[in-house]
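Asker: Below you will find the structure I want to go over with you.
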């Protein structure tokens, strides 16, 4: 199976602006930002999408959320931020590798889309 874009970034086969990395995930700047702050929190494990995550991957999923929280604190997003996970075609998934969008530094709208 061919590597996803994010697997290639994790393997350093494709460059990215890395904001954080640990043993479980990598955080990069989105190349098509939808807000002044738009980061992607990506697990190093190739989980295709949230809807396909298994129960034993719960610690990875929790780590991704806590990393998003920590990045929001690091970037001083005190007025608020949004986290988004797209799942499948109707969810506007563009890369079949689970990732969390962290958006901030602008007023978000509701409904989101």
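The values are calculated or read from the model by the stated rules, or taken from the named source; none is laboratory data. Given the structure is predicted, the values throughout are model-derived calculations rather than measurements. As a convention, Cβ positions derive from the backbone with ideal geometry for all residues, glycine included, and neighbour counts pool all protein chains shown.
Asker: When you scan segment 64-99, how many residues do you find that are within 26 Å of residue 2 (Cβ to Cβ) and out of contact with any helix residue (DSSP H, G or I) (no Cβ under 7 Å at 6 or more places or on another chain)?
Answerer: Total satisfying the criteria: 10.
Asker: Would you check if residue 41 is touching a helix residue (DSSP H, G or I) at 6+ places or on another chain (Cβ under 6 Å) and in a loop (DSSP other than H, G, I, E, B)?
Answerer: no
Asker: Would you tally the residues in segment 47-61 being under 22 Å from residue 94 (Cα atoms) and assigned to a helix (DSSP H, G or I)?
Answerer: Qualifying residue count for the region: 6.
Asker: Follow-up question, since we're still on this one. Got a number for residues in segment 1-30 being assigned to a loop (DSSP other than H, G, I, E, B) and either buried (at least 16 other Cβ atoms within 10 Å of the Cβ) or in contact with a strand residue (DSSP E or B) (Cβ under 9 Å, 6 or more places away or on another chain) (or both)?
Answerer: 5
Asker: Give the residues of segment 62-85 that are more than 16 Å from residue 36 (Cα to Cα) and either part of a helix (DSSP H, G or I) or modelled with pLDDT under 95 (or both), sorted by residue number.
Answerer: 62, 63, 64, 65, 66, 67, 69, 70
Asker: Please go through (1) surrounded by 11 or more Cβ atoms within 10 Å (Cβ to Cβ); (2) at pLDDT 95 or above; (3) farther than 28 Å from residue 110 by Cβ for residue 55 and return the number of the only condition it doesn't satisfy.
Answerer: With respect to (1) surrounded by 11 or more Cβ atoms within 10 Å (Cβ to Cβ); (2) at pLDDT 95 or above; (3) farther than 28 Å from residue 110 by Cβ, residue 55 is out only on (1).
Asker: Separate question: Could we say that residue 88 is over 21 Å from residue 19 (Cα atoms) and either surrounded by 14 or more Cβ atoms within 10 Å (Cβ to Cβ) or under 16 Å from the mean Cα position of the chain (by Cα) (or both) here?
Answerer: Criteria met by residue 88.
Asker: Which of the residues belonging to segment 32-43 are closer than 14 Å to residue 95 by Cα and crowded, with 16+ Cβ neighbours inside 10 Å?
Answerer: 40, 41, 42, 43
Asker: Any chance segment 101-111 includes a residue that's out of contact with any helix residue (DSSP H, G or I) (no Cβ under 7 Å at 6 or more places or on another chain), touching a residue at least 12 places away in the same chain (Cβ under 8 Å), within 25 Å of residue 8 (Cβ to Cβ) and surrounded by 11 or more Cβ atoms within 10 Å (Cβ to Cβ)?
Answerer: Yes, segment 101-111 contains a residue that is out of contact with any helix residue (DSSP H, G or I) (no Cβ under 7 Å at 6 or more places or on another chain), touching a residue at least 12 places away in the same chain (Cβ under 8 Å), within 25 Å of residue 8 (Cβ to Cβ) and surrounded by 11 or more Cβ atoms within 10 Å (Cβ to Cβ).
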